[in-house]
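First up is the structure itself, then whatever we jot down about it.
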Amino acid sequence: MKDLGCLKYFLGIEVDRSENGFFISQHKYTSDILTEYGMLHSKPLQLPMDSHLKLTHDKGDVLPNPTLYQRLLGKLIYLTITGPDIAFTVQLLAQFMQQPTTVHMQAAKRLLRYLAGTLSQGILLASSSAAQLTAYYDSDWASCPITRRSTTGYCIFLGHSPVSWKTKKQPVVARSSAEAEYRAMALTTCEVTWLSALLKDLGLKQLPPTVLKCDNKAALAIAANPVLHERTKHVELDCHYVREKIQAGTITTSHVSSSDQVADIMTKVLPVKLHLSHLTSWELHLSCTPQLEGAY
């Protein structure tokens, strides 16, 4: 084994240390993707995807060779390590990897144009963050035009630093927006439980209860009410799981306004102003990434 000194660059991930904490980005990795696909000097866009576009399997002509699209999506999936703002778009495009069409490829190249304008973007893991987990979660009810399944999105902060995020299509069709939100709550609770155990193994033994922030009052009411109503029988397992964690004091729930629901960026394409506002909440720095000497 050999000591290579302080971490600066590893597997496409750049790390810059300062008194504010660790700034993590994939500047060079993104630049390499844009160069490979001839999009490095293309005109940047403010959103990763057209908000009016509904992708389906039958739109456009099937690509004669899907390898180019599949390789691009593989690279973009790796880029979500430091790019939660593209997680929703990437998971949507990844659903068509088996038989991509020209429309899907066009949407992927639009995403590259968005990346061209966010090359310097990254995540700050603040050195002064409090030892408190806060989770935001949201769902977009019946958002998939093909299966009518809902999309779950969550993001979890340690203090002010984002440490976990995910966008995922729900495995079953939700019969109401409250059910979709509650299933998202259960998935977020599972992640919070795992993170809490990990932090305790790392020495943070006295963690306060994690706050789950939700903009759906119906889901919060179901979590608080120990009586299972007729409309919630089909989500009984998720109800019991979340309530057990609430009764154990592991998590608490809190309402947040839709305009402050930063997990929205994980479930849908937002208007430009709201998109940029949520990026600020994510502590994504839009200033230039510091150049690391000898990093590459």
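The values are calculated or read from the model by the stated rules, or taken from the named source; none is laboratory data. Just so it is clear, the structure is predicted and the values come from calculations on it, not from any experiment. All Cβ positions, glycine included, derive from the backbone under ideal geometry; neighbour counts span all protein chains shown. Areas reflect the complete protein model, heavy atoms only, side chains present, ligands, DNA and RNA absent. Shrake-Rupley method; radii C 1.70, N 1.55, O 1.52, S 1.80 Å.
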Tell me which residues, restricted to region 172-189, are open to solvent by less than 50 Å² (accessible area, probe 1.4 Å), hydrophobic (A, V, I, L, M, F, W, C) and either under 11 Å from L212 (Cβ atoms) or without any contact (Cβ under 8 Å) to a residue 24 or more places away in the chain (or both). A184, M185, A186
Is it the case that some residue within region 186-198 is of a type outside the set (S, T, Y) and touching an Asp or Glu at 6+ places or on another chain (Cβ under 9 Å)? yes
Lone unmet requirement of (1) more than 16 Å from S120 (Cα to Cα); (2) among the basic types (K, R); (3) surrounded by 14 or more Cβ atoms within 10 Å (Cβ to Cβ) for K54: (3)
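Yes/no matrix, rows are residues, columns are (1) surrounded by 21 or more Cβ atoms within 10 Å (Cβ to Cβ); (2) in a loop (DSSP other than H, G, I, E, B); (3) touching a strand residue (DSSP E or B) at 6+ places or on another chain (Cβ under 9 Å):
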{"position": "D85", "(1), (2), (3)": "yes, no, yes"}
{"position": "Q91", "(1), (2), (3)": "no, no, yes"}
{"position": "L112", "(1), (2), (3)": "yes, no, no"}
{"position": "A130", "(1), (2), (3)": "no, yes, yes"}
Are there any pairs, at least 6 apart or on different chains, whose C-beta atoms fall under 8 Å, with the first in region 19-45 and assigned to a helix (DSSP H, G or I) and the second of a type in the set (G, A, S), and if so, which? H27/S120; H27/G122; K28/G12; K28/A295; Y29/G12; L34/S42; L34/A116
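Matching residues to (1) at pLDDT below 75; (2) hydrophobic (A, V, I, L, M, F, W, C); (3) open to solvent by 50 Å² or more (accessible area, probe 1.4 Å); (4) within 19 Å of C155 (Cα to Cα):
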residue	(1), (2), (3), (4)
L202	no, yes, yes, no
C214	no, yes, no, yes
S258	yes, no, yes, yes
D264	yes, no, no, yes
A295	yes, yes, no, no
